[in-house]
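Single-structure report; data block below.
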Amino acid sequence: MSRAPASPAATAAQEPPLPRLAASRSAAGIAAHLRKAILDGVYVHGERLPPERDMAATFGTSRSTVREALGMLGHDGLITRRVGSGTFVAWESRGGVADVSDVTSPLELIEARLTVEPMMVRLATRHATPRDLERLAEVLALIVRAGDDPDRFTKWDRQFHELLAEATHNPLIVAVYRQISHVRGHRQWNAVKDKVLSHDRIAGYNEDHDELLAALVGRNADAAAAIVTRHLESARRHLMEG
């Protein structure tokens with residue numbers, strides 16, 4: 001049986017203990033850990049989270065890092081912060097149904113892409129038409145022209161990977177990847193991309209794109225899968241460093 005939502009007055013004196021320590025002490029890692037606790041029902045709608053000082057001690061980090069993590073959750077509508085009262089859970093399960101983009105962290109997104117995209121590009125090397133390859137080359141040119149602008153790079157990078165999905169000519173894979181692309185466009189990624197997309201990293205991603213297209217043109221499925229895996233592993237590492 002689920003607990004009834006607790007009032008601020010009832011929870012002000014005692015909050016439930018924090019769940020097990022997150023592996024990452026970065027703001028993004030703490031946010032992902034707390035997000036899971038909220039979605040798993042450790043904290044229910046209306047319940048107060050522990051004070052920032054307690055979370056900082058538990059996670060072994062600074063209050064400013066905890067505050068940044070809470071800002072991410074607040075931006076996603078999972079919590080609300082009341083001056084003088086504390087931080088309360090704002091997210092309420094609607095029969096277990098929620099927009100997956102609201103509850104997927106950038107790191108979880110990368111993990112999902114690592115599961116899907118290596119096989120996706122293998123299929124693309126087999127089924128891509130000459131027109132598919134032309135469209136990919138056209139978007140690569142736009143990515144290069146975007147320079148170091150994170151917004152423009154992200155826009156055309158998403159388009160490039162969507163075209164890779166379309167080049168499989170498998171409607172189910174296209175539908176699955178459109179959901180992934182939808183999550184890529186969510187505000188959680190927008191909150192971190194400026195920290196992740198430096199000049200050198202964008203240049204490295206563009207080199208990966210060029211090599212990937214060459215593998216598709218050469219119908220080399222093993223090379224394509226290896227390149228996209230390396231590409232996404234780099235993205236995951238950069239995200240954790242950020």
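Things to note:
- Residue match in region 95-102 (condition: over 21 Å from the mean Cα position of the chain (by Cα), assigned to a loop (DSSP other than H, G, I, E, B) and at pLDDT 80 or above): no
- Test for L107: is it within 23 Å of A224 (Cβ to Cβ), hydrophobic (A, V, I, L, M, F, W, C) and in contact with a helix residue (DSSP H, G or I) (Cβ under 9 Å, 6 or more places away or on another chain): no
- Residue within region 49-62 that is part of a helix (DSSP H, G or I) and crowded, with 20+ Cβ neighbours inside 10 Å present: yes
- V121 being more than 25 Å from A214 (Cβ to Cβ) and either in contact (Cβ under 8 Å) with a residue 40 or more places away in the chain or in contact with a helix residue (DSSP H, G or I) (Cβ under 9 Å, 6 or more places away or on another chain) (or both): no
- Checking each residue in region 155-170 for being in contact with a Lys or Arg (Cβ under 6 Å, 6 or more places away or on another chain) and either hydrophobic (A, V, I, L, M, F, W, C) or surrounded by 19 or more Cβ atoms within 10 Å (Cβ to Cβ) (or both) picks out only L163.
- Residue satisfying condition, being over 16 Å from the mean Cα position of the chain (by Cα), modelled with pLDDT of 85 or more, more than 16 Å from G41 (Cα to Cα) and surrounded by 17 or more Cβ atoms within 10 Å (Cβ to Cβ), within set E117, E68: E68
- Flag for D148 being surrounded by 14 or more Cβ atoms within 10 Å (Cβ to Cβ) and either in contact (Cβ under 8 Å) with a residue 24 or more places away in the chain or not assigned by TED's automatic domain parsing to the domain that holds K195 (or both): no
The values are calculated or read from the model by the stated rules, or taken from the named source; none is laboratory data. A quick note: this is a predicted structure, and the numbers were derived from the prediction, not measured. Methodologically, a virtual Cβ is constructed for each residue, glycine included, from the backbone with ideal geometry; neighbour enumeration extends over all protein chains shown.
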